[in-house]
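All remarks here apply to the structure that follows.
The values are calculated or read from the model by the stated rules, or taken from the named source; none is laboratory data. Fair warning: this is a prediction, and the values are worked out from it, not measured in the lab. Positions of Cβ are backbone-derived with ideal geometry, glycine not excepted, and every protein chain shown enters the neighbour counts.
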Amino acid sequence: MRIGWYINRLRSMEPAEVLHRLGEQRRRIASRRRDGGWERYASPQLHPVLRELRDAALATTPAQRQAIAVAAQDTLGGQFSALGRIWPRREPDRLFPPELWRLDPVTGRLWPGPETYTFDIDFRHRGDRGDVKYVWEINRLQQLPPLAAHLLLAGDDQSRMAIEAAIDSWHCANPPFRGVGWASGIEVALRAISLIVTMDLVGDRLGAATRQQVGEILAASAYWLPRFPSRFSSANNHLVAELAGEYLICLALGAESGAVRNALLAEAHKQILADGTGAEQTPTYAAFTAELILLCAAAARQAGTPFPSPVEARLAAFANFVGWLPPKAASFGDNDEGRVLTLGDEPGYVQSVAAAIHGFLRMPGNAAEPDDFRALFFGTPSEPAPVPHGLQTFTQGGLSVWRGEMNGRSIDLTFDHGPLGYLSIAAHGHADALSLTLCIDGEPVLIDPGTWLYGSGGVWRDWFRSTPAHNTLNIEGKSQSIIAGEFNWSHKAVATFIESEPGTHWKLRARHDGYGSRFGVVHQRTVMHQADGILVTDQLLGGRRVAEIVFQLATGLGANQDENTVMVLRGDERLMTIRFPDAAIDIRAGGDAPGQGGWVSPSFGARQPAERIAWRGEVGEEGIKIHLAAIPPPQS
């Protein structure tokens, strides 16, 4: 598996990247000799980065204060949860033992610690320890800013001692470039950002020893980040995080870096497309990227060197894009629940970032929840914005959205006709070209299945990003794009948007070539609004094949078949019908192996059975027509 992974990665690299990787390996070998510990990284004088943060925090609403207090009390009570898991509870008198930073909460095993050079740790192929995402998550120190806000607001000395204990423990357990906490630049950057925010909130209330430790961590991070940047095929959200970390560390050390700033501004234009969609083809990673850029924009404005207006325009475009997404079904493609500023679990993360952008730019927008943590940093929208309705196509990102009504029900429908993902490996994309999602009255009905797990996901990682798991057509259970590793593809389907006819009875048409070389056909899908519902027509251009057309239901929904029609229900309430050309329909949930039935992943690390409706039969150029119709709500 390890050899195969390297072969597939090499196939995705251009010659310049191969040379870069060789140079990177030389730097890794040379850096092994930098074993002088923290003494090499003298603590500099730290400067405020988010200069207005303390005043903003002191002006919090009662709901925000309460949410901050709850998050702080969880930490003070020895609780930590993330990625669908709860870490073993720790006693209040030993909140941050040194082994905490190495513990996998799923397997109970410890990752290598300070005795091991970070690049000697095989976090990609040693699955016996668990998924490295879990151990990295707690090393981001994102529990510290809520503690700092609580200390500022409540004057809670217990919070101050906990912050000092956490920083001291991490500092002692993770000397420079030893242990798994230094193995990835994005983790180094996010940890540095957490420390900078904590210092801006309560740095003057922390002891001299703690301030020195923070300075040493930031100085070591400032050395490490530019030494091992994510470049070429890896230059996705990881690169934005690394540049954001570098930029904010430079400000904390007293000098803005023009080179880092310019590189960050360039990535803003690459990774947030002109229509506001994310280049990685996943709204949650786009929100993560936007939040990083937004935080740097706030720091730059407060330093008197604001980012240029085209970057703010990209952020505004992303917030506008989010306004079109169904709030409870805004996820497709990968979602590892990465955050920059957080109190913990956030089901409305994408909408929160959009509200933060509107607040920062002083624009109308949809407000986040009353207890939203990000509003402390960026403010709230200047006034409510009208909810968009009608048909909107985001051409660069390849997504069409329709918001309207059908039989007395509000409908949110998305049609994905975009690329697989970003850069040559399309790391976080799913093989979901021409897939649909549909919400009725704001609640998900036909959904994207989610993510499940990364490094420890095994065959289920492949299933959740495969074509048969999505609401589109597949041939022989094969994906349109061919998986070649947990974050790689050896063949990428190319989707093409063919036409859009606006109006009351609008029509969308797109196709992809993913089955061309293997099966000699091109899948074309037409989605049309009619007076009595939505008509979906699937064609295979160039031949006839036995195919499967899938509709994955959200959890908690049922499906009853009556000949060629499937009734979708929530409890006893009838929501919609799906009418197929004949009765060759299979409805199943769960199963011991991928493909036996439907599964959805509502959050990273969580997996639940849900009904999967699959029609099977021959499809050719004449096409197969499927009719979707909402059922009028029950009369009260």
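Tabulated values for the structure
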read-out: Residue count, the stretch 19-75 (criterion: over 25 Å from residue 213 (Cα atoms) and in a loop (DSSP other than H, G, I, E, B)); value: 3
read-out: Neighbours by Cβ (under 9 Å, 6+ apart or cross-chain): first from the stretch 21-37, over 12 Å from residue 220 (Cβ atoms); second acidic (Asp, Glu); value: 32/120
read-out: Residue match in the stretch 316-333 (condition: at pLDDT 95 or above and more than 17 Å from residue 273 (Cβ to Cβ)); value: no
read-out: Residue match in the stretch 166-178 (condition: within 24 Å of residue 66 (Cα to Cα) and surrounded by fewer than 19 Cβ atoms within 10 Å (Cβ to Cβ)); value: no
read-out: Residue match in the stretch 255-273 (condition: in contact with a His (Cβ under 7 Å, 6 or more places away or on another chain) and either within 19 Å of residue 197 (Cβ to Cβ) or not assigned by TED's automatic domain parsing to the domain that holds residue 487 (or both)); value: no
read-out: Answer from 242, 256, 291 - the residue that is charged (D, E, K, R) and within 25 Å of residue 13 (Cβ to Cβ); value: 242
read-out: Those residues of the stretch 143-177 which are within 14 Å of residue 95 (Cβ to Cβ) and polar (S, T, N, Q), in sequence order; value: 143, 158, 159, 169
read-out: Selection within the stretch 506-532 - within 15 Å of residue 628 (Cβ to Cβ), surrounded by fewer than 20 Cβ atoms within 10 Å (Cβ to Cβ), at pLDDT 95 or above and not polar (S, T, N, Q); value: 506, 507, 528
read-out: Hits in the stretch 45-69 (condition: aliphatic (A, V, I, L, M) and either on the phi > 0 side of the Ramachandran plot or without any contact (Cβ under 8 Å) to a residue 40 or more places away in the chain (or both)); value: 59
read-out: Residue count, the stretch 123-160 (criterion: free of Cβ contacts under 8 Å to residues at least 40 places away in the same chain, part of a loop (DSSP other than H, G, I, E, B) and under 16 Å from residue 183 (Cα atoms)); value: 1
read-out: Residues located in the stretch 266-285, provided they are out of contact with any helix residue (DSSP H, G or I) (no Cβ under 6 Å at 6 or more places or on another chain), closer than 15 Å to residue 394 by Cα and assigned to a helix (DSSP H, G or I); value: none
read-out: Qualifying residue in the stretch 232-248 (condition: surrounded by fewer than 24 Cβ atoms within 10 Å (Cβ to Cβ), of a type outside the set (Gly, Ala, Ser) and at pLDDT below 95); value: yes
read-out: Subset tally (residues that are at pLDDT below 95 and touching a Leu at 6+ places or on another chain (Cβ under 8 Å)) for the stretch 581-620; value: 3
read-out: Among residues of the stretch 341-350, those that are in a helix (DSSP H, G or I) and either surrounded by fewer than 23 Cβ atoms within 10 Å (Cβ to Cβ) or touching a Pro at 6+ places or on another chain (Cβ under 6 Å) (or both), counted; value: 1
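Each row is one residue, and each column tells you yes or no for (1) under 29 Å from the mean Cα position of the chain (by Cα); (2) of a type in the set (Lys, Arg).
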position: 146; (1), (2): yes, no
position: 160; (1), (2): no, yes
position: 164; (1), (2): no, no
position: 201; (1), (2): yes, no
position: 224; (1), (2): yes, no
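Table: residues versus (1) under 30 Å from residue 132 (Cβ atoms); (2) not in a helix (DSSP H, G or I).
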position: 455; (1), (2): yes, yes
position: 460; (1), (2): yes, no
position: 485; (1), (2): yes, yes
position: 497; (1), (2): no, yes
position: 518; (1), (2): no, no
position: 535; (1), (2): no, yes
position: 546; (1), (2): no, yes
position: 555; (1), (2): yes, yes
